[in-house]
Structure formats: C-alpha cells, structure tokens
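Read through the structure below, which is laid out as structure tokens, and then see the notes.
The values are calculated or read from the model by the stated rules, or taken from the named source; none is laboratory data. Being a predicted model, the structure only gives us computed values, none of them experimental. So basically every Cβ, Gly included, is an ideal-geometry build from the backbone, and we count neighbours across all protein chains shown. Accessible surface areas use protein heavy atoms only, side chains included; no ligands, DNA or RNA. Shrake-Rupley method; radii C 1.70, N 1.55, O 1.52, S 1.80 Å.
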Amino acid sequence: MKEKNNFLGFLIRLFKPYLIFIILGIIGGLIESGALAALAFILKNVVDDVFVNKDFESLKWIVGVIIVIAAAKQIGFFLKEYLYPYAIYKVVQNLREKIYLNLLNAEPSFFIKHPHGDLVSRATNDLEAFVNVMKLLGVNLVAQIFTVIAIIIVLIYRDWKLFTIFIIAVPFLVIALNYFGEKRKKYSQMLQEGKGEYTQMLNQTITGIEVVKLFNKDIFLRIFRKLNQELFRREKKNVFYETFYLSSVEIIAYLATAGIIYYGGYRIIHGEITAGDFFSFLGGVLILVNSLQILQRGAVQLKALSPIVERIQFLLNIPQEKDEGIEFKGLKDRILYDNVRLKLGENEILKGINLEIKRGQKVGIVGLTGSGKSTIVKILPAIIKTYEGNVFLDEHELREYSISSLRRKIGMLSQDVFIFNDTLRNNLLIAKPDATDEELIEALKKAKADFVFEKLEKGLDTPLGEKGSRLSGGERQRISIARLFLKKPDIVIVDEATSALDVETEEFITEQLNKEFKNNTMLMVTHRLKTLEIVDKIVVVENGKIVEEGTEEELIAKKGIFYKFFVLSGQET
Ligand SMILES: Nc1ncnc2c1ncn2[C@@H]1O[C@H](COP(=O)(O)OP(=O)(O)OP(=O)(O)O)[C@@H](O)[C@H]1O
Ligand SMILES: [Mg+2]
C-alpha cells in the first residue's frame, strides 16, 4: 500500500507545477463528453420529429444544434489533446534534466556496479514508454469517465429497463480486466528489462567492435540471438495478452448490444417506447462501448505504468556525491596517508598504506600490476571514498574537504584517456572552460600535440569521433596532457599515462611535466625507470602495502624488490 502511495505521490509531485494545463485538459474532456452525450440525446428528436413526424422546422433547429455541439466538441478536443500532452512533455523535460544531473553527480562506485546500457535504456526506452502510457491515461481517462457518466445518465433517462441489460455485463468486464491486466503488468516489466539488455548489448558491441572482430564473433552472435529471441518472446506475450484483453471486452460488449437490440425491439413492437428512444439509446450505447474500451485500455496501461515508473525512479535515486565541507585551496604542507585500508567486496585492496608527501615533492609509485597503485592515487580526487584510516591534506582529513574543490586542485592523467565525441576545442575546454584559442594552442604545443595542426583539417573545430577514434593512442594521450596543462592543478597525479608513447616523446613529456609543474606536488605511477629520474623519492607497492621507500640510489643499494624487478629486468616491467 505504501508503495502505491509513493507511486501516486510521485506522479502528483511531477505534474503539480502543470496543474493548470491538466485542469484545462480536463475541462476540454468535459466539453467533449458533454457534446457526445448531447449527440446521443438529440438522436431521439432526429428519429421521432424528423423521420417519423416529418417536421421540417425541427430538422432546421436540430442541424443548428448539431453544428454547435460539433464546434464545442472540437474546442474540447484541442484543450485535451494539446494542453495535456504539453504538460507531459514538460514533465519529461524536467525528468531528463534530473536524471542527467543525477548521473553527473552519482557516486563513482555506482557505475562499477551497474550496467551502463541498462541506465541508458531506462533514460530512453522507459521515458518514452512513460510518455506513451501517460498520454493514454491521465486526462484521457478522466474524460472517458465523464463520458461514461454522461452517457449513463442519458441511457437511464431514455430507458432504465433497457439499461439493466448493460449492468449484467459488468462483472464479466471486471473479471477480464483483472486477469489480463495482471498478465500484462508482468510482461510489460519483463519487456522493459529486455529492452535494457538489448541496448546494453548494442552498446558493448559497438564500443568494443575491434575486440569483437579480433576474437570470436560467433559467440557474440549467439548471445545476441538468444537475447533477441527472448525479447521477441516478451513482445509477443505482451501483445497477446493485450489483444485478448481487448477482444474479451469487445465480445462482452457485442453480446450486451445484441441483448439490447432484442429487448429494445420487443418494447418498440409492444409500443412501450418510441423508435427515437431506442435509437437515442443505441447511439449512447455505441459511444459508451467505445469509451469503456478506451478506459479498459487505460486500465491495462495503468498496470504497465508502475513498473515503468519504478525503473525511472531508480535513476532518480542513484546515490549522489555530497559536495560539502571546507574548500581545498591547494596544498600548504603535506599529504599524509595514515594506515589507509580499503576493501572492495571480499578483497582487501589496500592493507595499511602509510605515506608522507611534502609539498612540491615528486613521488614515483612503482609495483607489479594489480598491486594497488591506481587505487592509492584515486583516493586523492575522491574517486574512491570507502577507505578506512585517514588521508590528511595539511591539517584536515580528505573527507572534510568539498569534493569539487579537491577535484579543481588535483589533476590526474590516467591510464585510460577519454576523448569525447566532440570537437578538439570542446575536448580541451573541459579543462578550462574560459580558455582562449591561444591558450589552447599553447597547451597543445607544450604537450607536443603538433600533429593537430598538420593532420586535423578544421583545426580546433575538428570532431574527434567516438572516443577519439580518429586519433592514435599516443595522440589521445597528448590531448589529455594538454588538458592537464590547461587545468594547471596544484597536485598532479600521473597514472602511467606515458605508457602508450614512444620513448622519445615520453622523455619529452616527462620533461615538460617536470618543467610545467616544477613547484607542484606530483605523484607518478610508472613502470619506467626513465620517468623515475625526476622524482625525489620512490615507493614500491606490493599486494596493497608499501614495501620499500627511498631515493633511486637508496633502493638500488638495498638490492630489494625494486632492484630485482625494476632494475635487473631492464627498462620496464
Ligand atoms: N571495483 C573493484 N572491485 C574489486 N576489486 C577491484 C576493483 N577495482 C580494482 N580492484 C582490484 O584492486 C587491485 C588493485 O588495482 P589497481 O588498479 O590499484 O592496481 P595497479 O597497481 O594500478 O595495477 P596496474 O599496474 O595494472 O595499473 C587489483 O587486484 C584489482 O583487481
Ligand atoms: Mg593502475
């Protein structure tokens, strides 16, 4: 029951700001139903006065009245069919914005746990389904209820005995409504989930198309066919139950109509009612059946609505990052990792990290793959927050600072460079939104991204393609280095970003970073000895712990892990 209230409350909250459009829509619906009832009502005069009594004067006013009714009906139609969808689209516009903001501000860990394609599907397929269902419901439903009431009044007024025939059909309608409605709800939910899986599969295949092609395409095809078949099965079931639902309603309606014709004809033959009464009644019944059908379709959709809304609500309840706390204005004294531990799932990733980095110091972090190097540095810009122990930036613990201020002051060059499907300019501006073209070009030059000027036909305005697909791996990395030069962070983190570059460029970049960030604090995760030449100290990470710490000479003299893995084995691990 609580859930139902939440669901309705949620819809009411969404639509409340647009109440005026909904009220006008309802008024439109009222006018429309009134007009329909009036048409059914006036049918008696058409038959009795014009057809039976052949009264020409009556014909004139009847036609006049019909024209007025038709005009009113169209005004009502406009109010209902334009203003109500207007409100729906406004609501959807707001939802899209809220969802986008929620995704932007989501806890980074949320995206590790949740399939991305499913999120996209909820924000597209489910929003679209929401529009379609809401259009059928809402004002339409209210308008149809009015029509039903107005027509029932006309029917009872014309002949209440005939009307009882209709009442007999009601329990049958209710049974059909419940049975098929439940089925429909189940399959509509499964259908939306299936659509999510489909979007996800497309997403993954397109994003990873090169891997897909290089490995076994058949496996993808097999998975896809199974998924597609299942999606078809759900669509089929969904439409099956909808059809049967509507058809059962229709059968009941036709049986009731047959009964009315039989009993009504009997009463005309025995002079109990006029032909006008009967036709007015029959006209009303036809409108009523139509309205009931729309209502029942609405009831079916109502069953589909709650799973759709639940799927959308999920997006509105994504855990959000809180951006509160003191502003981090830059490092004054030191960074101190104090017994930092981290568990992800069952695994203990960091097992008590203790590390001090003085302001302006350059620290190299080395270690075998999977030892926890990236994890250690990702704590600083609050990408990872669930650690135990403390990380102090000067006198305050990291978690006391506002996240946005940390991220403004900390720059990170990471293992995977992300280039947006946008122009080179916009890809750079994310680092400094108000930068001039001159600044952008200077940053590119410093990052040795000169290829930009030779290769890209439209210069800064060249679109870089999906994930920067028109650039080489090294070129993408230089763009990300240019971003760092534009951002001018206080603390610089380099997470093996030079690994995709050739040795010559790498040395240049290391040199440039060192020059550009001469006085900045730097953490450099690297596999290369060359890079380590510029650092003040090296820490060696093994299995979530710091096992050695010192200058290059000290570590070599020690002949420990560093010496064994990074010096003896040659240039790189
Ligand atoms: N979300 C996660 N859930 C569980 N384990 C994770 C998660 N992310 C990373 N890990 C694990 O944490 C460990 C440390 O990962 P990390 O990325 O810090 O290694 P690394 O030292 O940077 O390795 P590399 O040199 O390959 O970049 C790895 O064993 C990895 O499998
Ligand atoms: Mg790493």
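The residue that is farthest from ligand 2 (Cβ to nearest atom), among those in the stretch 491-549 that are in a helix (DSSP H, G or I) and among the small types (Gly, Ala, Ser), is Ala500.
Does the stretch 520-537 contain any residue that is without any contact (Cβ under 8 Å) to a residue 60 or more places away in the chain and either touching a strand residue (DSSP E or B) at 6+ places or on another chain (Cβ under 7 Å) or within 16 Å of Lys446 (Cβ to Cβ) (or both)?
No, there is no match, as no residue in the stretch 520-537 is without any contact (Cβ under 8 Å) to a residue 60 or more places away in the chain and either touching a strand residue (DSSP E or B) at 6+ places or on another chain (Cβ under 7 Å) or within 16 Å of Lys446 (Cβ to Cβ) (or both).
Inspection of the stretch 306-328 identifies at least one residue that is within 30 Å of Gly544 (Cα to Cα) and of a type in the set (Lys, Arg). When each of Val525, Val494, Val547, Val540 is tested for being of a type outside the set (D, E, K, R), within 16 Å of ligand 1 (Cβ to nearest atom) and touching a Phe, Trp or Tyr at 6+ places or on another chain (Cβ under 6 Å), the lone residue that passes is Val540.
Can you pull out the residues in the stretch 71-94 that are open to solvent by 50 Å² or more (accessible area, probe 1.4 Å) and of a type in the set (A, V, I, L, M)? Hits for the stretch 71-94 are Ala71, Ile75. Condition check for Leu286 on (1) in contact (Cβ under 8 Å) with a residue 60 or more places away in the chain; (2) over 34 Å from the mean Cα position of the chain (by Cα): one failure, at (1). Condition check for Leu302 on (1) open to solvent by 70 Å² or more (accessible area, probe 1.4 Å); (2) outside any helix (DSSP H, G or I); (3) among the aliphatic types (A, V, I, L, M): one failure, at (2).
As a summary of the residue check, Thr205 satisfies the conditions (1) within 29 Å of Glu235 (Cα to Cα); (2) touching a residue at least 40 places away in the same chain (Cβ under 8 Å); (3) among the polar types (S, T, N, Q) except for the one numbered (2). Criterion applied to Ile509, Ile538, Ile534, Ile491 was being hydrophobic (A, V, I, L, M, F, W, C), modelled with pLDDT under 90 and open to solvent by less than 30 Å² (accessible area, probe 1.4 Å), and the one residue passing it is Ile509.
In this entry, Val249 passes the filter for residues that are assigned by TED's automatic domain parsing to the domain that holds Leu119 and closer than 30 Å to Phe172 by Cα. Filtering the stretch 354-379 to residues that are within 8 Å of ligand 1 (Cβ to nearest atom) and touching a helix residue (DSSP H, G or I) at 6+ places or on another chain (Cβ under 6 Å) leaves only Gly367.
When the stretch 181-210 is filtered for residues that are open to solvent by less than 60 Å² (accessible area, probe 1.4 Å) and modelled with pLDDT under 80, the ones remaining, listed by number, are Gly181, Arg184.
Which of the residues spanning the stretch 441-494 are of a type in the set (A, V, I, L, M) and more than 24 Å from Lys518 (Cα to Cα)? Passing the criteria: Val452, Leu456, Leu460, Leu464, Leu471.
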